[in-house]
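Structure first, commentary second.
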Amino acid sequence: MSIKKQEKRLANQEGMPLTRRHFVQASAALVSMPFFAQNAQANLDKSLPIANIDEKPATVVATCSTFDCGGKCDIRAHVKEGIVTRITTRPDADLDEQMPIMRACVRGRGYRKFTYHADRLKYPMKRVGKRGEGKFERISWDEATSLIAENVTRLTQQHGAASRFLTVNTAVTGGIFSGDTMMKKLFNLTGGYLPYYHSVSLGNTAKVTPYTYGVSKTGSSLDTLADTPLVILWGHNPNETIFGHTNHYFQKMKNNGTKFIVVDPRYSDTAQSLADQWIPLLPTTDNALMDAMMYVIVTENLHDKAFIDKYVLGFDEDHMPEGVPANESLMAYLLGKKDGIAKTPEWATKITRVPANTIRQLAREYAMTKPAALIQGWGPQRHICGERTARGSTLLAAITGNVGKKGAWAAGYGGIGNRQSIRGPNIGKNPVTAQISIMNWMQAVEDASKVTPEDGLIGVDKLDSNIKMIFSLAGNYLVNQNPDVNAAAKLLEDESKVEFIVVSDLYMSPSAKYADLVLPETSFLERWNIGNTWGTGNYFLLSEKVVEPAFERRSDYEWISDVAEKMGVKEAFTEGRTEKEWIAYLVNTNKERFKDRPDFPTFDELLKTRRYLFKDAPFVAFEENIRDPENHPFPTPSGKIEIFSKRLYDMNNVDIPALSHYVPAIEGPEDKLTEKYPLQMLTWKGKNRANSTQYANPWLQEVQRQEMWINPIDAQNRGIKNGDMVRIYNDRGITQIPALVTERIIPGVVGLQAGAWWSPDKDGVDHGGCPNVLTSTRMTPLAHGNSHLTVLVEVTKA
Ligand SMILES: Nc1nc2c(c(=O)[nH]1)N[C@H]1C(S)=C(S)[C@@H](COP(=O)(O)OP(=O)(O)OC[C@H]3O[C@@H](n4cnc5c(=O)[nH]c(N)nc54)[C@H](O)[C@@H]3O)O[C@H]1N2
Ligand SMILES: Nc1nc2c(c(=O)[nH]1)N[C@H]1C(S)=C(S)[C@@H](COP(=O)(O)OP(=O)(O)OC[C@H]3O[C@@H](n4cnc5c(=O)[nH]c(N)nc54)[C@H](O)[C@@H]3O)O[C@H]1N2
Ligand SMILES: [Mo]
């Protein structure tokens, strides 16, 4: 088909008012019906008119996105004459109860508009204005790949391989084959790059949870929770964040009578659909609530003494490691032996705002219901005190004996130990031994010699070179998603610091505006991949190339192959494979890895079956450590569950207590800064986008507008009415969006959905509602991790 004809067809796709209206109605209905029946959903599908092209039958292809969006849903692309005319999802008949795959949510339903949108990048472009100004001109792929090869070669010669950096690029991490990964391979073939560690998603809890259990994976397969009478979802919002197939089980459990309690400063969509009780508290004060719960449990003798005696270190003076003075145990702390403060519910009420009787009831209920599952999301750990909060929950699980038992949950990180995943390509070894935390990248641009091991530098004592080039391939983390956007932007605007920035995206994101070269990538519907599951799911799906890319869009793999050729390493880079051949090769080599599973498909088989489900027996975390502790000690120094960690004690840092407990957070509700900025600001992941991905999708913008949640009490004090334009500000920045005055958020806290695009005006005031103009780059003490959610602000009517 000629480009002209294609453009016309695509324009046709993009101008479909009827479809759009129906989509919005349907999706609004979906999101407002927490328990929508699957039949009703199917009917909605049928009511969606298909696109305005010939009424020929469509080919329906089962596929999946490769986003990092919390689910890995089975979506069905209806393809007619090379165009996706409609997206539906797994029919009921295809549900496998043993390994359920979720149906597409509102985000999945929006993929067609995401793919066919007039704003999509069409050609490679080179910056012509100042960096960040957003002025570009079209160039050819040959010029683009030559510019990359030349700049990479030149800057590497001048500054060494450790000047090469890839930032957070999560938008294709739901697949096994991505530009980000393959760029690392090209770098590895030509000297290496400066890698970062720390996941901004879950790095704080993943780092700290092993101090209790020896490993971070504390989760069980969700089928083991079927008969659990009580679930506490602590800062967990799977209704929106999906987390694999969590909702499938939770809805079933709810229907079978499981009681759900949600602890969250916000009345989340999960609280709305699942909770029998919602317990709001001030962000960063979770440990005070946990401490008081433990106080009630031990003073009312509700703890599991036999379990503690056998498996737990640190509970009381009789169960302490060698070499620790008196009064460091949990009992001593709760009773205030050292500080004179008993951690009573009344003490915690002042800190958390949770009424003392609610704390008592929660503590009793958790301790007396056997088994009970306290499951944390990762919102509570994306705080400056997030390590303490994450580990605090493991103390509660340990003293109530909720570890290693079917139907219980060990709290902490929650990843599931028996999950399998299909592996991506071998990208070789990185010759650069230094590693920075992702939180160090700005310092490593400014003056890398100031990044110290205390800040999180590992592998070397000192970096010899600043970051001189950045590749952002499917990320919006140069500015938008990085904390303190204004500071990051200022740093990137200085062209003498980072000298070369390459962004590949589908849209001109705020980060793309900071690129020297912007490259238009294919969408997941236009290339081959394998979608690996997220969270609790245990399967993979074929993500097929269902349509050809239009205009000059190319997959990252293709253009990186051209760069490899220009750098003289094409053969080693491609190993002679096209993208599709890579996917085939990876499936087939993984089949060898999974020899013990004869039904694991070859690529040819996968083309027919579309998916592979790892169906395993129910898995209970720590089951064998509890059943047979002699032969299976916990992999901690003592072999026990360490609620007191001698390793942390020896660090001698008040912010990393040996026994996780409440310590007032910097920029928390007890900070002196509240005199100037009295409100805490929270962000969360909302239903209409995956981080900032799909922000520009107009269908999804209509599902949920970007607004600031504020409690009526705080609103009234500031003369703010529902829908008023408000300014949210602190010393780092200002954003201006409408207010939603709602009792769904606790007084003292305002909330913004994460991921809105930063849109500064000439005075630097953001009009997009990007929370990261306000957030801080402060690092957590142990993981050197992010604290996106700990922020103080003030709000006024605009
Ligand atoms: N719809 C949607 N789903 C997603 C994503 C998305 O962008 N959109 N992103 C995906 C990604 S990349 C990730 S890492 C995961 C993240 O998943 P999570 O980190 O679990 O998600 P969040 O929304 O950040 O936080 C969950 C809840 O924690 C609450 N919370 C925040 N601070 C506190 C606190 O101090 N105490 C308590 N008790 N609760 C608190 C929030 O209000 C929120 O309801 O989600 C994935 N799923
Ligand atoms: N305030 C606040 N900030 C946060 C968080 C928070 O909770 N609060 N959460 C943090 C977390 S957990 C995460 S994971 C990060 C996520 O931050 P990022 O990794 O930056 O993820 P996205 O914001 O989704 O940006 C992905 C970009 O890739 C583009 N894209 C989508 N599909 C493709 C593709 O196929 N190819 C290419 N080349 N590009 C594509 C999208 O258009 C988008 O611009 O944000 C972090 N930032
Ligand atoms: Mo994430």
Legend entry - Mean residue ellipticity (222 nm) of the chain, computed from DSSP H runs ≥ 4 via -39,500 (n - 2.57), nearest 500: -8500 deg cm²/dmol
Legend entry - Helix 356-368 axis, angle to the chain major axis (alpha carbon atoms, nearest 10°): 90
Legend entry - ³J(HN,Hα) computed for each position of segment 111-118 - Karplus, 6.51 cos²θ - 1.76 cosθ + 1.60, integer Hz, glycine/proline x: 4, 5, 5, 4, 6, 9, 9, 4
Legend entry - HN-Hα J in Hz across segment 122-133 - Karplus 6.51, -1.76, 1.60, θ = phi - 60°, x for Gly and Pro: 10, 9, x, 9, 10, 5, 10, x, 6, 4, x, 6
Inset, instruction - State the answer as a single residue: which of PRO601, VAL479, PHE573 lies farthest towards the positive end of the charge dipole of segment 446-603, with beta carbon charges of +1 for Lys and Arg and -1 for Asp and Glu, about the Cα centre. - result: PRO601
Legend entry - By average C-beta atoms within 10 angstrom, highest first, the peptides 100-106, 429-435: 100-106, 429-435
Inset, instruction - Give me the angle, in degrees from 0 to 90, between the Cα long axis of helix 286-299 and the longest principal axis of the Cα atoms of the chain, rounded to the nearest 10. - result: 30
Inset, instruction - State the Cα centre-to-centre distance between segment 706-730 and segment 83-102 in whole Å. - result: 41
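Mind listing which GluC sites (Glu not before Pro) in segment 544-645 are in a DSSP loop and have 15 or fewer other Cβ atoms within 10 Å? It would help to have the intermediate numbers written out before the result.
Details: sites: GLU544, GLU552, GLU558, GLU565, GLU571, GLU575, GLU579, GLU581, GLU592, GLU605, GLU623, GLU624, GLU630, GLU642; in loops: GLU544, GLU552, GLU575, GLU630.
Those that pass, being in a loop and sparsely packed, are GLU575, GLU630.
Which trypsin sites (Lys or Arg not before Pro) from segment 682-716 combine a DSSP loop assignment with at most 15 other Cβ atoms within 10 Å? Please report the intermediate quantities before stating the final value.
On the way: sites: LYS685, LYS687, ARG689, ARG705; in loops: LYS685, LYS687, ARG689, ARG705.
Sparse-neighbourhood loop trypsin sites (Lys or Arg not before Pro): ARG705.
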Legend entry - Cα long-axis angle, helix 38-47 against the chain (0 to 90 degrees, to the nearest 10): 20
Inset, instruction - Quick one: of LYS217/LYS338; LYS405/LYS591; LYS676/LYS762; LYS545/LYS615; LYS545/LYS595; LYS72/LYS595, which pairs are farther than 31 Å apart, Cα to Cα? - result: LYS217/LYS338; LYS405/LYS591
Legend entry - Dipole moment magnitude, nearest 20 debye, the chain about Cα centre, only Lys, Arg, Asp, Glu C-beta charged: 1700
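Give the order of CYS385, CYS69 when sorted by the count of other beta carbons within 10 angstrom, beginning with the fewest.
Values: CYS385 29, CYS69 23.
Listed from fewest to most nearby Cβ atoms, that is CYS69, CYS385.
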Legend entry - Largest-first ellipsoid semi-axes for segment 670-795, taking √(5λ) over the Cα gyration tensor eigenvalues, angstrom: 21, 20, 14
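Hey, what's the per residue convex hull volume over the C-alpha atoms of the chain, in cubic angstrom? Mind dumping the intermediate values first?
On the way: hull volume 125.9 nm³, N = 798.
It comes to 158 Å³ per residue, whole-number rounded.
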Legend entry - Cut-off under 5 Å, modelled amide H: who pairs with ALA372 long-range: TRP409
Legend entry - Beta bridges by DSSP in segment 670-795, antiparallel share as percent, to the nearest 5: 60
Inset, instruction - Pull out a ≥ b ≥ c, the square roots of the eigenvalues of the alpha-carbon gyration tensor of segment 285-420, then state rounded if a/c is under 1.5, prolate if not and a/b is larger than b/c, and oblate in the remaining case. - result: rounded
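Using DSSP, restrict attention to beta bridges with both residues in segment 715-783 and report what percent are antiparallel, rounded to the nearest 5. Can you show the working numbers first?
Values: 7 of 8 bridges.
Bridges in segment 715-783 are about 90 percent antiparallel.
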Inset, instruction - Mind jotting down a quarter of the surface of the convex hull over the alpha carbons of segment 123-163, in square nanometres, one decimal? - result: 3.5
Legend entry - Which of LEU774, LEU613 has the fewest Cβ neighbours within 10 Å, and the rest in rising order: LEU613, LEU774
Inset, instruction - Determine the distance separating the Cα centre of segment 290-367 from the Cα centre of segment 732-777; give it in Å without decimals. - result: 38
Inset, instruction - Along each of the three principal axes of the Cα atoms of segment 469-581, give the extent in whole Å, ordering the values from largest to smallest. - result: 42, 42, 27
Legend entry - All-pairs alpha carbon distance profile, segment 57-114, 10 Å steps from 0, percent: 24, 53, 22, 2
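Assuming R0 = 35 Å, can you tell me the calculated FRET efficiency for the pair GLU630 and TYR585, based on Cβ-Cβ distance, to the nearest 0.05?
Values: r = 45 Å, r/R0 = 1.28.
The value I calculate is 0.20.
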Inset, instruction - Using amide H atoms built 1.01 Å from N in the peptide plane, name the residues 5+ places from LEU313, or on other chains, whose amide H lies under 5 Å from its own. - result: ILE641, GLU642, ILE643, PHE644
Inset, instruction - Take the Cα of LYS126, step 7 Å along the line toward its Cβ, and report every residue of segment 497-534 whose backbone nitrogen sits under 16 Å from that point. - result: 500-503, 515-520
Inset, instruction - Apply the Karplus parameterisation 6.51 cos²θ - 1.76 cosθ + 1.60, with θ equal to phi minus 60°, to every residue of segment 412-428 and state each ³J(HN,Hα) to the nearest whole Hz, in sequence, with x for glycine and proline. - result: x, 4, x, x, 9, x, 9, 5, 10, 8, 7, 8, x, x, 6, 9, x
Inset, instruction - Grab the beta carbon distance between LYS672 and ARG138, set R0 = 56 Å, and tell me the FRET efficiency rounded to 0.05. - result: 0.60
Inset, instruction - DSSP loop (so not H, G, I, E, B), at most 12 other Cβ within 10 Å: list which trypsin sites (Lys or Arg not before Pro) in segment 588-683 pass both filters. - result: LYS595, LYS615, LYS676
Legend entry - Among ILE384, MET183, GLY785 - extreme Cα towards positive end, dipole of the chain, charges at beta-carbon: MET183
Legend entry - Within the chain, percent of DSSP bridges classed antiparallel, to nearest 5: 50
Legend entry - Residues ILE713, ILE560, sorted so that the one with the fewest Cβ neighbours within 10 Å comes first: ILE713, ILE560
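Of the listed peptides 281-292, 386-397, what is their order by residue-averaged count of other C-beta atoms within 10 Å, with the highest listed first? Let's see the in-between values first.
Values: 281-292: 27.3, 386-397: 29.7.
Per-residue mean Cβ counts within 10 Å order the peptides as 386-397, 281-292.
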Legend entry - Nonlocal amide H pairs with ILE734, under 5 Å, H built at 1.01 Å: ASP766
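Read-outs throughout are calculated quantities, based only on the coordinates presented, and are distinct from any laboratory measurement. Computed from a prediction, not measured in an experiment: that's the story for all the values here. Note: ideal-geometry Cβ built from the backbone for every residue, glycine included; neighbour counts use all protein chains shown.
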